[in-house]
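Have a look at the structure below, then the notes.
The values are calculated or read from the model by the stated rules, or taken from the named source; none is laboratory data. Note that the structure is predicted; figures quoted are calculated from it, not measured. Here the Cβ positions follow ideal geometry from the backbone for every residue, glycine too, while neighbour counts run over all protein chains shown. Surface areas here come from the heavy atoms of the whole protein model, side chains and all, with no ligands, DNA or RNA. Shrake-Rupley method; radii C 1.70, N 1.55, O 1.52, S 1.80 Å.
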Amino acid sequence: MSRHRVVIIGSGFGGLNAARSLKRADVDITLISKTTTHLFQPLLYQVATGILSEGDVAPTTRLILRKQKNVRVLWGEVSAIDLKAKTVTSHLMGMQTVTPYDSLIVAAGAQQSYFGHDEYAAFAPGMKSIDDALELRGRILGAFEAAEVATDPAERKRRLTFVVVGAGPTGVELAGEIVQLAERTLAGAFRTITPSECRVILLDAASAVLPPMGEKLGLKAQRRLEKMDVEIQLNAMVTAVDYMGITVKDNDGTERRIECACKVWAAGVAASPLGAMIAAQSDGTETDRAGRVIVEPDLTVKGHPYVFVVGDLMSVPGVPGMAQGAIQGAHYATTLIKQAVKGHDDPANRKPFAYFDKGSMALISRYSAVAKVGKLEFGGFIAWLAWLLLHLLYLVGFRNRIAAMFSWGISFLGRTRGQMAITSQMMYARPVVDWVERQAQEGTLAAAERIEAAEKQAG
Ligand SMILES: Cc1cc2nc3c(=O)[nH]c(=O)nc-3n(C[C@H](O)[C@H](O)[C@H](O)COP(=O)(O)OP(=O)(O)OC[C@H]3O[C@@H](n4cnc5c(N)ncnc54)[C@H](O)[C@@H]3O)c2cc1C
């Protein structure tokens with residue numbers, strides 16, 4: 001008899017932790033992910049600003065799991081999940097793979113949301129993938145280069161204006177880091193421009209900075225950023241984004257333009273479409289406004305006790321879209337699978353998933369961060385130190401920890417950064433990548449139609 005088959009979709013915090021916690025279980029695991037790496041998203045902004053390399057924050061999943069013999073890692077984008085047939089269909093370079101399962105863990109996470117304006121993406125990349133971070137590095141450093149060459153003062157000003165949309169942790173961290181890059185690393189490196197004279201704007205449609213961290217810490221972060229000359233514009237809704245800049249509507253209804261070359265979108269997330277696909281096949285499970293699956297108390301979908309949804313794709317009251325939600329969800333689901341394999345699981349009498357809030361933090365600048373742990377709220381150097389230690393702890397792999405420590409050492413204690421190279425691919429490849437992906441999708445559809453037609457003909 002074959003062993004219990006577990007399919008895991010995703011190699012992020014949810015997927016990787018699920019695979020690892022089944023290490024000693026009597027199961028065969030297939031981990032399918034559309035990326036070959038385990039990406040540590042919280043440090044993406046440091047890739048975008050030249051502190052860390054992409055390899056430092058994204059070790060290869062296959063190599064992390066090399067010694068875990070019960071896992072097979074498949075690179076591929078999941079395009080279909082059939083809850084009735086219990087299969088997952090994935091594609092890679094025009095090849096289709098159908099993987100059967102007994103238990104399924106879906107940890108496909110979330111993508112950037114442009115609130116119905118996907119056309120903004122071409123001008124304001126988000127911060128969700130390595131591609132995004134490298135493209136942003138190209139755009140940020142490229143903007144300083146272009147400003148050095150620009151002879152028209154208005155154009156030079158436009159090139160030196162950076163707008164970060166979204167005042168959550170990612171926006172705060174990135175805005176602070178662009179200032180530090182300009183003031184410390186790039187100081188004295190140009191002849192026509194003074195990088196520290198750049199304008200960094202952090203704007204949000206909401207009325208506060210870091211809303212999930214509460215008023216006190218939000219204000220603390222805001223004051224610190226303002227001290228660093230980051231312009232904070234709140235109650236400001238983006239209504240248009242184009243090559244030359246962005247249009248913003250203020251609370252009083254007036255619209256205004258900000259001419260800027262480099263724009264970053266750090267606002268809004270939308271769950272993977274796989275969530276809606278599963279919900280549609282369940283016995284009444286729904287998705288929320290962001291497309292997340294409103295799971296049962298045991299993180300499953302109705303009528304399918306061995307289909308678990310974890311991480312950013314699950315909607316559970318009180319559980320934020322953070323790494324801990326994904327890690328704890330993955331451990332909960334795998335505990336149930338382990339019990340099922342031993343014949344000890346009774347789906348009707350499962351203890352519900354309980355989230356333990358370990359807190360949240362955001363780094364603002366060198367030696368300054370804000371942190372919230374339970375009722376305890378603190379900021380400054382201690383929070384910065386805590387941020388440093390925790391991120392080191394959660395980075396996967398000894399090499400990556402050493403590399404991050406070394407890079408932080410040279411950039412925090414000194415002024416330099418080790419990852420300042422930019423390439424044309426970083427800056428200009430997005431339209432080409434989009435085109436190739438469209439071609440691949442069309443090719444896959446055409447292949448599926450050919451197979452269907454051949455099957456019909458064969459009777
Ligand atoms: C810039 C940024 C900063 C953040 N900072 C923090 C922080 O400081 N602290 C914190 O706790 N959290 C932070 N988060 C949130 C945290 O990273 C997420 O909550 C966490 O990654 C969720 O884990 P996940 O496994 O659900 O999804 P992810 O980690 O996003 O993983 C999803 C996986 O699914 C794969 N996938 C998606 N679709 C498919 C498909 N169709 N087929 C195959 N594979 C697919 C992806 O390739 C990926 O491997 C941050 C997020 C971002 C973007």
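Numbers at a glance
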{"quantity": "Euclidean distance between Cα centres, the range 280-295 to the range 49-114, Å", "calculated": "21 Å"}
{"quantity": "Centre separation in Å (Cα based) which lies between the range 158-195 and the range 362-395", "calculated": "21 Å"}
{"quantity": "Rg and Dmax of the range 300-347, Cα atoms only, in Å", "calculated": "11.4, 32"}
{"quantity": "Surface per residue (accessible, 1.4 Å probe) for the range 394-435, Å²", "calculated": "65 Å²"}
{"quantity": "Given charges at beta-carbon only (K, R positive; D, E negative), |dipole| of the chain in Debye", "calculated": "1660 debye"}
{"quantity": "Principal axis box of the range 118-267, alpha-carbon based, largest edge first, Å", "calculated": "42, 32, 31"}
{"quantity": "Percent of beta bridges antiparallel (DSSP, the chain, rounded to nearest 5)", "calculated": "55 percent"}
{"quantity": "Positive minus negative residues near residue 456 (Lys, Arg vs Asp, Glu; Cβ under 15 Å)", "calculated": "-2"}
{"quantity": "Span-like helix ranges in the chain, DSSP H, alpha carbon extent 24 angstrom or more, Kyte mean at least -0.5", "calculated": "130-149, 323-341"}
{"quantity": "Formal net charge of residues neighbouring residue 321 (Cβ-Cβ distance under 11 Å; K, R +1; D, E -1)", "calculated": "0"}
{"quantity": "Protein accessible area in the chain, 1.4 Å probe - carbon and sulfur %", "calculated": "56 percent"}
{"quantity": "Computed P(r) (all Cα pairs; the chain; 20 Å bins; percent)", "calculated": "23, 54, 21, 1"}
{"quantity": "Whole-number accessible area per residue in Å² for the range 118-267, which is evaluated in the context of all protein chains at 1.4 Å", "calculated": "42 Å²"}
{"quantity": "Over the range 370-459, relative contact order from alpha-carbon pairs under 8 Å, at least 6 apart, %", "calculated": "10 percent"}
{"quantity": "Around residue 368: net Lys/Arg minus Asp/Glu count, Cβ-Cβ under 13 Å", "calculated": "+2"}
{"quantity": "Value of relative contact order over the range 118-267, rounded to a whole percent, pairs C-alpha under 8 Å and six or more apart", "calculated": "31 percent"}
